[in-house]
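Heads up, the thing below is written out as structure tokens.
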There are 2 protein chains.
Amino acid sequence: MTIPKHGGNIYEYPKGILDFSSNINPLGYPKILEEKISKNFSDLLVYPDIDYKDLKNSVGSYLKVDPAYVFLGNGSVEILDMVISNFKRMVLVEPCFSEYRLRAKVHKLEVLSLPLGEDFKIPMAALKKSIREGDLVLLTNPNNPTGRTLSSDELLDLYLDIVEKNAYLLLDEAFFEFADLDYDTLDLFRPLGFANIGIIRAATKFFGLPGIRLGYGVFDLDMIRLLKEAELPWSINSFANIAGGCIFDEEFISKSRAFIFKERERFYGLLKEVKNLKPYKSNSNYFLLEFKGKSEEEIFSRLLEKNILVRRCSNYNFLEGTFIRIAIKTKKDNNKFLQAIKEIMEE
Amino acid sequence: MTIPKHGGNIYEYPKGILDFSSNINPLGYPKILEEKISKNFSDLLVYPDIDYKDLKNSVGSYLKVDPAYVFLGNGSVEILDMVISNFKRMVLVEPCFSEYRLRAKVHKLEVLSLPLGEDFKIPMAALKKSIREGDLVLLTNPNNPTGRTLSSDELLDLYLDIVEKNAYLLLDEAFFEFADLDYDTLDLFRPLGFANIGIIRAATKFFGLPGIRLGYGVFDLDMIRLLKEAELPWSINSFANIAGGCIFDEEFISKSRAFIFKERERFYGLLKEVKNLKPYKSNSNYFLLEFKGKSEEEIFSRLLEKNILVRRCSNYNFLEGTFIRIAIKTKKDNNKFLQAIKEIMEE
């Protein structure tokens, strides 16, 4: 059996399986979206605005950036791909999202990969030492699968090194809204006009919409120009266009964050008590779990018997040992996971 | 004022404008789609099947090809782009869809362009003479903007030359179902396993769904392998996935074809009677119109005053003179166009 490179591949398993492999907001998507779509089916009959003016305005207003700095994608992975295609060498810190390497391969980039340091910290000194002029440095904040975030000091320290070397920092912040942080990356780099830095976010995870395909990135005008030269027309479908106009709802955002912050704390505390299981502190909506005394295959299969699907991690680079990643879901579902994993580990 | 490279850009004009610039099935999309989407909003909460097995089966069944030969795209233009990226030189016959050149530029292909011949026929002898080993020959069938189709003899004659030279023929058949032909391209090349040929179609035009973004192509297994190596994950959104499972409805297809065949004949006959206007015979759902005595700008502006938007053609290569392209819409709308253009041309 090959290990899937992504979570969420529920189609290979029985219907109704409890999917902890895919990290989607357990509160789902803002419900107003259903009403907006139902009332606007006829949008399908016309091409979306090729310039996506309204959508860029809406995203810009949510991110508090001028729409001229916003670039849209058919999911964040399309934007990642397009940015990557402009570079010759990529510097990665792994484990990270497997698509980075795949897209680098498609666009024939050389990849320099560093392992995360102790306790999955970014090895800042080694990273800075390895960066050369023209490099693309690609980091995930919060990291996936570890859930660790960068501090603003770390970010700015790295950024200054990158500017000095005329390299480029790309931050994949697909899970950003789940993090409890004392900074917003956009605030840090807005005054600098996003020179040498790109920040990608998406409706996928936090707004519960992996199926709608809406990603958005913020870039300086030079990068925007490069991306526009290569972009495909009508990449964003009409329903993603509608979503962008109604999902950035303050109440949904604060409710989701409050839920995740609280449930993350509770779930972590209970996971810590399970025998031979080490959960890593996370600032996102998932946990990396390390196991002792059992193989990944055994834990995966035993959970599957209990109708629970998790993300196996042995195909991540530099993740030595027995790891799985689980999403933070509703309290009820998380309790089911706790019950199941206790039975497996404490039998 | 710059001339848009595509039709359908209604967002720059007053709401309710009669859009003849975009060539969508005037019968719209199969209505069952609305019901299917409404019942499956929760599909948005999960990633689509990364392998799109059901969707490929459905498309394969519609096209009567093994799903292994089917490649899906976020609209046909994504597939076009991906095929183009595998070649070094492209041979075009113009006027044609402006995206071909744009995608060739993005992927740094050399472009050899031949003008369409007399009465917009494909200049077959010149075309064959120009093809070299490894070339990508990209043709639209029916052609856009002329509406002309290739005969099966022409197609097979060209194909044999392409096979002999080990070049590749890519047919963009986005409007294929609108054509009244004595062959189906898929039938011609199915027995040959689609060697050296790719055929792209889409839900966009005939199934009235420019907003949903669903394109599909048929390729041999070598090309499928190349495309798969480069494809982005989850490119097809959940609603396009749903559409692919319900729109290929025989009744909708035959009703749409019957309507277009009849209305094309009627509309053509009436257009022919308008002074200083020459409509070109079309086998698609649009007409290329040539005018005498008035400029493109004047015709465009006068129609706009009458709340009608058309596709100006002066930014097509090799289209010398005054041309506009109009869609075939409902009988009522087509009559409005006739009335308007008569007033302009016969005043």
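Nothing in this text is a laboratory measurement; each read-out follows from the coordinates by a stated rule. It should be emphasised that the depicted structure is a prediction, and the values quoted were computed from it without experimental measurement. Note: ideal-geometry Cβ built from the backbone for every residue, glycine included; neighbour counts use all protein chains shown.
Worth a mention:
- Relative contact order %, the range A:171-283, counting alpha carbon pairs below 8 Å whose residues are six or more apart: 23 percent
- Protection proxy ranking of A:313-326, A:268-281, B:202-215, A:72-85, by the mean of other Cβ atoms within 10 Å over each peptide's residues and highest first, is B:202-215, A:72-85, A:313-326, A:268-281.
- Each copy carries A:Asp157; placing its label point 7 Å along the C-beta direction from Cα gives inter-copy distances of 7.3 nm, listed from smallest up.
- Considering only A:Pro191, A:Pro26, A:Pro145, the mean-square fluctuation computed in a Gaussian network model of chain A, springs between alpha carbons under 10 angstrom, is largest for A:Pro191.
- When you restrict to C-alpha pairs under 8 Å that are six or more residues apart and normalise by the size of the range A:108-176, the relative contact order lands at 38 percent.
- Gaussian network model of chain A, springs between alpha carbon atoms under 10 Å - residue of A:Leu18, A:Leu170, A:Leu45 with greatest fluctuation: A:Leu45
- Neighbours of B:Ala167 by Cβ distance under 15 Å: Lys/Arg scored +1, Asp/Glu scored -1, total -2.
- Among the trypsin sites (Lys or Arg not before Pro) within the range B:81-176, those in coil by DSSP and having at most 13 neighbouring Cβ atoms inside 10 Å are B:Lys88, B:Lys108, B:Arg132.
- Each Lys or Arg adds one and each Asp or Glu subtracts one; over the other residues with Cβ under 12 Å from the Cβ of A:Val218, this totals -1.
- Once you reduce the range A:205-230 and the range B:288-347 to the center of their Cα atoms, the two points are 37 Å from each other.
- Summarising the amide proton neighbourhood of A:Ser113: residues at separation of 5 or more, or on other chains, whose placed amide H is nearer than 5 Å comprise A:Leu92.
- Cross-link reach is defined here as a Cα-Cα straight distance under 23 Å, omitting same-chain residues fewer than 8 places apart; for B:Lys15 the lysines meeting it are A:Lys36, A:Lys39, A:Lys53, A:Lys56, B:Lys5, B:Lys205, B:Lys306, B:Lys329, B:Lys331, B:Lys332, B:Lys336.
- Along the range B:220-227 the Karplus relation, 6.51 cos²θ - 1.76 cosθ + 1.60 evaluated at θ = phi - 60°, assigns HN-Hα couplings of 6, 5, 5, 5, 4, 4, 4, 5 Hz to successive residues, with x for each Gly and Pro.
- Legend: mean number of C-beta atoms from other chains within 10 angstrom of residue C-beta atoms, peptide B:35-47, equals 6.
- Taking the helices alone, chain A has a mean residue ellipticity at 222 nm of -11000 deg cm²/dmol, built from -39,500 (n - 2.57) per DSSP H run of at least 4 residues and averaged over all its residues.
- Debye-formula intensities of the range A:32-244, expressed as log10 I(q)/I(0) at q = 0.09, 0.19 Å⁻¹, are -0.35, -1.49 (one equal scatterer per alpha-carbon, no solvent).
- Computed over chain A, relative contact order equals 25 percent, with contacts defined as Cα pairs under 8 Å that lie 6+ residues apart.
- Note on B:Lys165: aspartates and glutamates with a C-alpha under 14 Å away, same-chain residues under 8 apart excluded, are B:Glu133, B:Asp135, B:Asp157.
- Among the GluC sites (Glu not before Pro) in the range B:86-127, none sits in a DSSP loop with a Cβ that has at most 11 other Cβ atoms within 10 Å.
- Within-13-Å neighbourhood charge of A:Lys31 [Cβ basis; K, R +1; D, E -1]: -2
- Inter-chain Cβ neighbour count for A:212-218, averaged per residue, equals 3 (cutoff 10 Å, partner chain atoms only).
- Antiparallel DSSP beta bridges within the protein assembly as shown, as percent of all bridges there, nearest 5: 50 percent
- Selected from A:Ser282, A:Ser58, A:Ser130 as most flexible by GNM, with chain A as the system and alpha-carbon contacts under 10 Å: A:Ser130
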